[in-house]
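Have a look at the structure below, then the notes.
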Ligand SMILES: Nc1ncnc2c1ncn2[C@@H]1O[C@H](COP(=O)(O)OP(=O)(O)O)[C@@H](O)[C@H]1O
Ligand SMILES: [Mg+2]
């Protein structure tokens, strides 16, 4: 286990067991007494709708005295399967505190506008209150949407925060702007010394990778029957061009802030790889293949690890098995085989994902 991650988990588990509290904002910002919000029944007339998919919290859409709110409430009994899941509510309250401070500071307020406001949060009372965001999950992507997402992730990284879970349910779009509001898996790190909140252990994880892995390649797989390969590649090009702009700005920022040479080298290599790919259609197709394979493998690993598989997990596994059977050499040559996968032969990999298929069927959640 990564020592940095272990340390963070231990500190959070200790905090959970202790008595110290974290409060964000003022109770006066609440439309009802805090005890009432903490224990509001699901059949209360204030409750417009509920979202009960979360393992550690449930989300209530409230309408009180003419205003819409979001009440995220810790479950009395968490339905968790791992430490990060178990501590995700505490983690979110910690991040709400960090982000609200950045929203309140005039220097960072604008860059943090896409992150939801916390009206009030109280860890021990077990709830977080935010304004309701009038938006919908992204139904499609555009250059402007990618730009907003990468700009927000860059602002977070500059503040030393890494968002891991950019799944479709965690980004809302109001027709003009994107909004982020679920910080259960956003961790603090030092961007000048570390690749991400895993330290120097896994250079594979970064903002564009997270968006591709948790979101965009799932979207492309879901719509593969209605989007032609050319449409898919065009969307991938928009993503990479926008990411390239953002990563180039980040490289400048890293240099201006005396980042470690290793970090500057890592950022430079990512940029060079994308620049090369964007230069001609064939290398872009190659990059598409390796990034899609990498994305599916990482997302499958997350689902299997969290025992939270869906029909999408099965779809991803089938895609991975097909790719292993058809473009294995290309995947191997392009560094798309990560972690344990890099040590396995083609046949071993096919067997591994066939075994995952059985597991994913057992772990079906929806
Ligand atoms: N402030 C908000 N405004 C509007 N919808 C929200 C807001 N916060 C959450 N939601 C909706 O509730 C769902 C679950 O909330 P989220 O914070 O992602 O919880 P979970 O930790 O269970 O994933 C989201 O996918 C989104 O649709
Ligand atoms: Mg969520």
Let me make sure I get this right: for segment 1-132, a, b and c are the square roots of the gyration tensor eigenvalues over alpha carbons, sorted descending. Under 1.5 in a/c it's rounded, otherwise prolate if a/b > b/c, else oblate. Which is it? oblate
Helix 88-104 sits off the longest principal axis of the Cα atoms of the chain, rounded to the nearest 10 on a 0 to 90 degree scale, by 80 degrees
For a paramagnetic label modelled at 7 Å from the Cα of residue 78 toward its Cβ, which residues of segment 96-112 fall within the zone defined by backbone nitrogen distances under 16 Å? 96
Quick one: helix 346-362 against the long Cα principal axis of the chain, what's the angle to the nearest 10°, folded into 0 to 90? 30 degrees
Could you state the angle between the C-alpha long axis of helix 261-279 and the longest principal axis of the C-alpha atoms of the chain, as a value from 0 to 90 degrees rounded to the nearest 10? 60 degrees
Please state the equivalent ellipsoid semi-axes for segment 327-366: what are the square roots of 5 times the Cα gyration tensor eigenvalues, largest first, in whole Å? 24, 10, 9
Cα centroids of segment 90-132 and segment 269-329: how far apart, whole angstrom? 34 Å
Quick one: order 185, 276 by neighbouring beta-carbon count within 10 Å, fewest to most. 276, 185
Please check: in the Gaussian network model of the chain (C-alpha springs, under 10 Å), which one of 13, 211, 287 has the largest mean-square fluctuation. 13
So in the chain, what percent of DSSP beta bridges are antiparallel if you round to the nearest 5? 95 percent
Under a crude label model (7 Å from the Cα following the beta-carbon direction), how far is residue 325 from residue 231 in nanometres? 2.6 nm
Between 229, 114, 168, which gets the highest mean-square fluctuation from a Gaussian network model of the chain, Cα cutoff 10 Å? 229
Residue-averaged [θ]222 nm for the chain, counting only DSSP H segments that reach four residues, each worth -39500 (n - 2.57): -16000 deg cm²/dmol
Global form of the chain, assessed from the alpha-carbon gyration tensor, a/c cut-off 1.5: prolate
Which of 86, 28, 209 fluctuates most in a GNM of the chain (C-alpha springs under 10 Å)? That residue is 28
For segment 173-318, just say rounded, prolate or oblate: build the C-alpha gyration tensor, square-root its eigenvalues into a ≥ b ≥ c, call rounded for a/c under 1.5, and beyond that prolate if a/b exceeds b/c, oblate if not. oblate
Quick calc: nm separation of the 7 Å Cα→Cβ label points for residue 174 and residue 252 -> 2.9 nm
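The numbers here are math on the coordinates, done by the rules we state, and not lab data. Model, not experiment: these values are computed from the prediction. Note that each Cβ is placed from the backbone with ideal geometry, even for glycine, and that neighbours are counted across all protein chains shown.
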